[in-house]
Amino acid sequence: MKLTDHIGFIGTGGMGEPMCRNLAIKGTYKVLAYDLDPAPLKRLAADGVTQENSLASVAAGSHTVLLSLPAGQQVWESCLEQGGLI
């Protein structure tokens, strides 16, 4: 897998799911996604989005990671806590 071929997407809730779908359908990169709720990820799989099992696996397989999270606390946790993006 070449990192330049993938974009990561974290947070596939009410706003994130359609944004992620749009990237997968209209974009030029493959999309790797992660969310705590597996339901939207299952729907996105029909559009070519690959579900990842952790934040770290999204970061490791993507050249760019986009976040669609509800508040600063979730951004902080996703980026800086154990197993996060950074």
Full-extension gain in nm, residue 47 to residue 22, via 0.36 nm per residue minus C-alpha separation: 8.1 nm
- prompt: Simple spin-label model, 7 Å along Cα-to-Cβ: residue 60 to residue 86 in nm?
  reply: 2.1
Percent carbon-and-sulfur accessible area, the chain, ignoring ligands, DNA and RNA, probe 1.4 Å: 57
message: Here are labelled values, (1) 0.98; (2) 1.02; (3) 1.19, and one is the computed Cα Rg over 2.2 N^0.38 Å for what I pasted. Which one?
response: (1)
message: For a quick check of your reading of the filter: which trypsin sites (Lys or Arg not before Pro) in the chain sit in a DSSP loop and have no more than 15 other Cβ atoms within 10 Å?
response: 2
task: Using amide H atoms built 1.01 Å from N in the peptide plane, name the residues 5+ places from residue 66, or on other chains, whose amide H lies under 5 Å from its own.
output: 8, 9, 10
task: Per DSSP H run of n ≥ 4, the term is -39500 (n - 2.57); total these for the chain, divide by its residue number, and report the mean residue ellipticity at 222 nm rounded to 500 deg cm²/dmol.
output: -11500 deg cm²/dmol
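The values are calculated or read from the model by the stated rules, or taken from the named source; none is laboratory data. Predicted model only: the values in this text are computed from it and were never measured. Cβ sites come from the backbone with ideal geometry, for glycine too, and all protein chains shown count toward neighbours. Quick note on the areas: whole protein, heavy atoms, side chains included, nothing else; ligands and nucleic acids left out. Shrake-Rupley method; radii C 1.70, N 1.55, O 1.52, S 1.80 Å.
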